[in-house]
1. For segment 134-167, give me each residue that is within 26 Å of residue 63 (Cα to Cα), out of contact with any strand residue (DSSP E or B) (no Cβ under 6 Å at 6 or more places or on another chain) and modelled with pLDDT under 90.
2. Would you confirm whether any residue within segment 43-53 is assigned to a loop (DSSP other than H, G, I, E, B), over 16 Å from the mean Cα position of the chain (by Cα) and surrounded by 13 or more Cβ atoms within 10 Å (Cβ to Cβ)?
3. How many residues does segment 12-30 hold that are surrounded by fewer than 17 Cβ atoms within 10 Å (Cβ to Cβ) and closer than 13 Å to residue 144 by Cβ?
4. Could you list all residues from segment 130-150 that are assigned to a strand (DSSP E or B), touching a residue at least 60 places away in the same chain (Cβ under 8 Å), more than 11 Å from residue 33 (Cα to Cα) and over 14 Å from the mean Cα position of the chain (by Cα)?
5. Read through the list (1) at pLDDT below 95; (2) over 13 Å from the mean Cα position of the chain (by Cα); (3) surrounded by fewer than 17 Cβ atoms within 10 Å (Cβ to Cβ); (4) assigned to a helix (DSSP H, G or I), then give the number of the only condition that residue 76 fails.
6. From the list 97, 185, which residue is in a helix (DSSP H, G or I) and either closer than 25 Å to residue 29 by Cβ or at pLDDT below 95 (or both)?
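The values are calculated or read from the model by the stated rules, or taken from the named source; none is laboratory data. Note that the structure is a prediction, hence the values are computed from the model and not measured. Here the Cβ positions follow ideal geometry from the backbone for every residue, glycine too, while neighbour counts run over all protein chains shown.
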């Protein structure tokens with residue numbers, strides 16, 4: 001169990017970083033975000049899984065996606081490919097960078113209240129792997145859907161996992177805008 005202030009902080013930072021990573025990936029798109037209790041997993045047969053870990057907890061971040069037309073349009077817009085046929089390798093690479101941007105921003109912001117965090121590299125897995133998530137002592141989760149130019153594109157989730165109650169000093173959570181702007185932005189390569 002985590003305290004409510006920390007859970008609110010995680011949810012707010014997750015949504016903020018999700019919006020930032022989407023805007024950085026394709027800046028001139030029309031984005032829409034909706035919070036959900038559950039996702040329709042049949043809509044997203046693939047996931048990109050990343051983790052942020054400390055000695056207190058693990059956060060599993062997931063982008064749920066499908067190789068549909070909306071996904072292809074999103075990646076093509078991000079890569080400015082001009083209608084070029086995109087193979088799965090290009091799509092995977094781009095989506096992993098989006099996942100890295102989301103996870104890196106989340107880790108950076110979380111690092112203001114929890115020192116010494118580690119971050120994994122992205123892994124693309126089949127959706128059925130999510131059936132094992134409850135094995136990780138999930139104590140909080142949040143899910144959202146992301147729409148790209150009016151079409152649902154991704155599901156995005158985080159799962160806060162810990163074996164014991166989490167006590168986090170939230171006094172450092174309120175950084176000034178000046179301090180946050182000095183942190184820099186993550187770039188897509």
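1. 134, 135, 163
2. Within segment 43-53, the first condition is being assigned to a loop (DSSP other than H, G, I, E, B), and the residues that meet it are 44-45.
The next check asks that each one be over 16 Å from the mean Cα position of the chain (by Cα); those that pass are 45.
Going one step further and asking which of them are surrounded by 13 or more Cβ atoms within 10 Å (Cβ to Cβ), we end up with 45.
Yes, the conditions are met somewhere in segment 43-53.
3. Result for segment 12-30: 4.
4. 139, 140
5. Going through (1) at pLDDT below 95; (2) over 13 Å from the mean Cα position of the chain (by Cα); (3) surrounded by fewer than 17 Cβ atoms within 10 Å (Cβ to Cβ); (4) assigned to a helix (DSSP H, G or I) one by one, residue 76 breaks only (3).
6. Checking each option against the conditions leaves just 97.
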